[in-house]
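Chemist: Sharing a structure with you now.
The values are calculated or read from the model by the stated rules, or taken from the named source; none is laboratory data. Because the structure is a prediction, the values reported are computed rather than measured. FYI the Cβ positions are ideal-geometry reconstructions off the backbone, even for glycines, and counts take in every protein chain you see.
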Amino acid sequence: MSHIRTLSPRLANQIAAGEVVERPASVVKEVLENSLDAGATQVDVEVEGAGTRLIRIRDNGHGIAPEEMPLALSRHATSKISSLLDLEQVQSLGFRGEALASIGSVSRLTLTSNPSSQSSEGRCALAEGRDLEVNVKPAPHPRGTTVEVRDLFFNTPARRKFLRTEKTEFNHLEEVVKRLALSRFDVGFKLRHNQKVVHHLKAGTSQAEKQRRVASVCGSAFLDQAVYIETDVPELNLWGWVGLPTFSRHRADLQYFFVNGRVIRDKLIAHAVKQAYRDVLYHGRHPAFVLYLELDPAQVDVNVHPTKHEVRFRDARGMHNFIFSSLHRALADVRPMPDQNIRATDGTAVNTATGEVVQPGLGWGGSADKITSGVAMEQVRSYAGVHPPPEALQDSATQQDVPPLGYALAQLKGIYILAENALGLVLVDMHAAHERITYEHLKRARDAEGVRSQPLLVPQAVAVSAQEVEVAAANAALFQGLGMEVEVASEEALLIRQIPVTLRHSDIEQLLRDVLSDLMDYGSSDRIEAHMDEILSTMACHGSVRANRRLTIPEMNALLRDMEETERSGQCNHGRPTWTQLGLDQLDKLFLRGS
Ligand code: ADP
Ligand code: MG
């Protein structure tokens with residue numbers, strides 16, 4: 001048996017580093033967060049070898065007092081909280097007082113800082129030896145702090161082995177900078193890699209400047225096909241950009257969610273967002289969004305994860321519901337709208353009558369198709385004030401006379417409807433559009449009449465865990481409302497007595513199990529609705545006009561008017577676009593007119 005010994009400070013720090021310093025990107029995250037906590041308005045990040053050789057981060061924040069330099073490098077030393085009460089209200093990004101000590105234990109770290117804007121004389125500190133005595137010397141530095149980290153993991157070969165290629169490591173590192181840049185529009189960011197400037201993002205908080213930053217971080221294609229939303233209820237504010245369903249991605253890589261300025265990857269939030277997109281997204285695709293949630297810090301616990309990527313909401317179910325319903329409503333409004341052009345020209349974000357969704361339907365149901373994105377881009381630009389709005393948009397008189405999708409001209413190959421509106425030519429996929437209209441109609445009818453249910457001839461017993469029995473009992477009303485009767489049969493068994501008529505051919509036992517697992521994980525589940533919707537969607541598909549059916553002009557016009565009335569009509573039931581706009585300016589371009 002070995003003797004019990006106290007760990008040396010260096011070893012203790014190295015163990016702690018195992019939690020927070022996984023790769024160069026984690027160093028950049030911790031050091032940049034310190035700069036933001038210090039009130040910096042400009043941060044410059046310089047890296048070499050994806051951060052394994054060098055990471056140097058300089059800020060113009062409030063700096064560190066000379067006598068506190070050694071403390072900054074020691075473990076459990078922080079200027080950000082001093083009591084448990086502080087922790088419950090914490091607004092700074094850091095508060096554990098471990099980052100610099102951990103990073104310093106697995107690299108060669110130098111901290112240089114100057115708290116004074118009068119003198120350019122600062123102090124430079126580095127910790128050495130197993131007990132980490134700190135060596136402080138004078139060093140020139142303007143007001144602010146520079147942290148230099150060289151040779152990351154030089155003394156922890158096991159860690160170094162887990163590093164991936166330079167390209168992969170740099171991608172992670174760049175992602176960290178992007179996230180923080182999206183979290184603080186009021187701070188300028190610069191990132192250089194191997195002497196080349198990768199990002200140069202100027203500080204600015206006007207709507208146009210914010211859009212510019214979102215475009216340079218997420219790509220202009222995202223901004224072109226995103227809707228700006230803003231939902232403000234007392235003490236709860238949700239705003240940002242949600243990608244149109246037709247701008248979906250095959251990976252969940254363009255999803256940013258900030259809670260009180262902190263980047264969060266939280267499964268409760270992810271679930272709420274996914275649920276909001278459920279009915280409009282192509283199967284297996286991921287939505288894109290940049291969203292900001294602001295609320296009283298006491299309503300959310302940020303101290304649940306060492307790198308603080310997760311949070312816990314005091315009212316988790318209420319938060320899920322709030323996020324879901326805000327996004328759901330915004331997405332339902334993605335359809336051709338009569339006043340959107342007029343709104344887009346005035347250059348400012350104007351709330352709709354409800355004061356909730358700003359600038360709905362901006363993307364014109366934009367497909368990934370080049371032609372559509374051209375129009376959508378023109379509109380976003382005019383909104384952002386970068387380009388003057390196209391001529392047609394200014395002419396609000398014409399705009400008011402002609403409905404958004406215009407009037408039908410003809411049918412092409414039995415598949416597309418051609419129509420003329422104020423902007424030019426509208427092309428509609430007849431079957432896709434009709435399918436969505438029928439589907440929304442079926443859903444409305446179901447909601448109005450209530451779900452019809454039928455008793456099972458032989459009630460179905462389902463063996464579950466005791467915890468699942470409890471959850472089922474607590475949610476009896478939810479099941480009832482959806483036409484399902486679930487009864488507690490014993491401590492570990494449930495009995496399904498009644499089911500919705502629409503689900504008579506479904507695997508009801510599996511559905512029940514999935515719902516219970518959702519309820520345990522997120523406090524809510526929309527699986528039953530989702531399943532019923534899927535069946536309605538199939539019915540709608542079969543009941544809709546097929547390609548090659550000849551439509552009369554009045555029939556086509558009726559379809560266009562129905563699209564304008566129908567929620568989510570920008571996409572068919574499978575998430576494909578239903579229509580696209582070909583503006584006069586684009587037609588002119590095709591014929592080289594006016595060039
Ligand atoms: P934490 O951020 O959790 O407090 P750190 O180890 O990251 O812990 O930093 C320790 C302390 O060093 C901070 O509380 C802060 O007072 C000081 N510090 C670190 N970086 C900076 C900086 N860039 N500007 C000013 N002070 C800093
Ligand atoms: Mg910190």
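Chemist: Give the residues of the stretch 70-83 that are over 34 Å from the mean Cα position of the chain (by Cα) and more than 9 Å from ligand 1 (Cβ to nearest atom), sorted by residue number.
Modeler: Pro70
Chemist: Exactly one condition in (1) assigned by TED's automatic domain parsing to the domain that holds Asp59; (2) in contact with a strand residue (DSSP E or B) (Cβ under 7 Å, 6 or more places away or on another chain); (3) part of a helix (DSSP H, G or I) is not met by Glu175; state its number.
Modeler: Glu175 satisfies all of (1) assigned by TED's automatic domain parsing to the domain that holds Asp59; (2) in contact with a strand residue (DSSP E or B) (Cβ under 7 Å, 6 or more places away or on another chain); (3) part of a helix (DSSP H, G or I) except (2).
Chemist: So, Leu7, is that one more than 11 Å from ligand 1 (Cβ to nearest atom) and closer than 19 Å to Thr112 by Cα or not?
Modeler: Working: more than 11 Å from ligand 1 (Cβ to nearest atom): yes; closer than 19 Å to Thr112 by Cα: no.
No, not satisfied.
Chemist: Collect the residues in the stretch 560-595 that are touching a strand residue (DSSP E or B) at 6+ places or on another chain (Cβ under 9 Å), within 30 Å of Gly284 (Cβ to Cβ) and polar (S, T, N, Q), keeping them in residue-number order.
Modeler: Selection gives Ser569, Gln571, Thr578, Thr580, Gln581.
Chemist: Specify which of the listed residues (Val501, Val488, Val462) is over 16 Å from Asp514 (Cα atoms), touching a strand residue (DSSP E or B) at 6+ places or on another chain (Cβ under 9 Å), in contact (Cβ under 8 Å) with a residue 40 or more places away in the chain and among the β-branched types (Val, Ile, Thr). Break it down into steps so the answer makes sense when it comes.
Modeler: Working: Val488 fails: in contact (Cβ under 8 Å) with a residue 40 or more places away in the chain; Val462 fails: over 16 Å from Asp514 (Cα atoms).
After ruling out the rest, the residue left standing is Val501.
Chemist: For the stretch 537-559, enumerate the residues that are under 11 Å from Thr438 (Cα atoms) and either in contact with a strand residue (DSSP E or B) (Cβ under 6 Å, 6 or more places away or on another chain) or not aliphatic (A, V, I, L, M) (or both).
Modeler: Ser537, Thr538, Cys541, His542, Gly543, Ser544
Chemist: Shifting gears a bit: Any idea which of Asp86, Asp37 is within 14 Å of ligand 1 (Cβ to nearest atom), out of contact with any Ser or Thr (no Cβ under 8 Å at 6 or more places or on another chain) and not β-branched (Val, Ile, Thr)? Before the answer, list the steps.
Modeler: Numbers: Asp37 fails: out of contact with any Ser or Thr (no Cβ under 8 Å at 6 or more places or on another chain).
Just a single option satisfies the conditions, and that option is Asp86.
Okay, residues lined up against (1) at pLDDT 95 or above; (2) assigned by TED's automatic domain parsing to the domain that holds Gly243; (3) in contact with an Asp or Glu (Cβ under 9 Å, 6 or more places away or on another chain):
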site	(1), (2), (3)
Ser183	yes, no, no
Lys190	yes, no, yes
His193	yes, no, yes
Val197	yes, no, no
Cys218	yes, yes, no
Gln225	no, yes, no
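Chemist: Those residues that are surrounded by 13 or more Cβ atoms within 10 Å (Cβ to Cβ) and in a loop (DSSP other than H, G, I, E, B), I need them from the stretch 550-595; list them, please.
Modeler: If the condition is that a residue be surrounded by 13 or more Cβ atoms within 10 Å (Cβ to Cβ) and in a loop (DSSP other than H, G, I, E, B), then Leu551, Thr566, Glu567, Arg568, Ser569, Gly570, Cys572, Asn573, His574, Gly575, Arg576, Thr578 are the ones that fit.
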